[in-house]
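Remarks on the structure that follows.
The values are calculated or read from the model by the stated rules, or taken from the named source; none is laboratory data. In this text the structure is predicted, and so the values were computed from the model without any measurement. Here the Cβ is made from the backbone with ideal geometry for all residues, glycine too, and neighbour counts use every protein chain on show. The area values use the complete protein model at the heavy-atom level, side chains included, leaving out ligands, DNA and RNA. Shrake-Rupley method; radii C 1.70, N 1.55, O 1.52, S 1.80 Å.
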Amino acid sequence: RGRAPTIDPAMLDDSNTPNDVAAPAQTAASDEQGTPDQLSLQLSAELPALPTNLRPMLPRPAQVPFDSPNHLFQPLWGGLRSLIFVGPPTRAAAGELRILDADGVDWTRRFPELAGVTSKLAARSAILDGEIAVVDRFGRHDPEGLKGRLAGRPAPPAVFLAFDLLHLDGRSLLGTPL
């Protein structure tokens, strides 16, 4: 009682402060002095707001193919480069989903099947950088199917190919090496 909660410095980064980090809430289980039992502490459901100024990282083509340990490579799918914003919800895998392209256009309503991404993450909030593609029955990119989906016409379901995790549970991972 009366003691300030301990803040783990690993939970802090450039995008939050000790006041942003969720403090433990007391529960019924405590010792004789009224100090909460560590096993019964619950984290607050509040997380810092997700940043809104991020855009997908666009690949840069090279003149000739090369191999380098200093570079990462992605296959060219010809899809829609996008960020998927998840959360923050009050419980894991229950977050709202928002899809923005490199121009900041919101495509969430055009790809309702991607809402399932939230149930695949063991996180309360996240930002994924990747590409939306429509594939044919052989697993190949279907550019006409994607054009149809973007225009609001019926087409095969889309998939999201995640390339990077930019933000996780209130913590920016932008400065973290892959």
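Percent of Cα-Cα pairs more than 24 Å apart in the range 60-178, please. Please list the in-between numbers first.
Working: 2320 of 7021 pairs.
Here the long-distance tail beyond 24 Å is 33 percent of all Cα pairs in the range 60-178.
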Exercise. May I ask for the net charge around residue 135, where only other residues with Cβ less than 13 Å from the Cβ of residue 135 are counted and Lys, Arg are +1 while Asp, Glu are -1?
Key: -2
Quiz prompt | Summed residue charge, Cβ within 15 Å of residue 151's Cβ, Lys/Arg positive, Asp/Glu negative | solution = +2
Self-check item: Pairwise FRET efficiency - residue 102 versus residue 173, Cβ, R0 = 30 Å, nearest 0.05
Solution: 0.95
Self-check item: the range 90-178, relative contact order [Cα under 8 Å, separation at least 6], %
Solution: 29
Quiz prompt | Candidate residues 159, 64, 117: accessible-area rank, largest first, probe 1.4 Å | solution = 64, 159, 117
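Using Cα pairs under 8 angstrom and six or more residues apart, how large is the relative contact order of the range 112-159, in percent?
Reported relative contact order: 37 percent.
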Exercise. Report the chymotrypsin sites (Phe, Trp or Tyr not before Pro) located in the range 70-178 that are in a DSSP loop and have at most 13 other Cβ atoms inside 10 Å of their Cβ, or state none.
Key: 73, 138
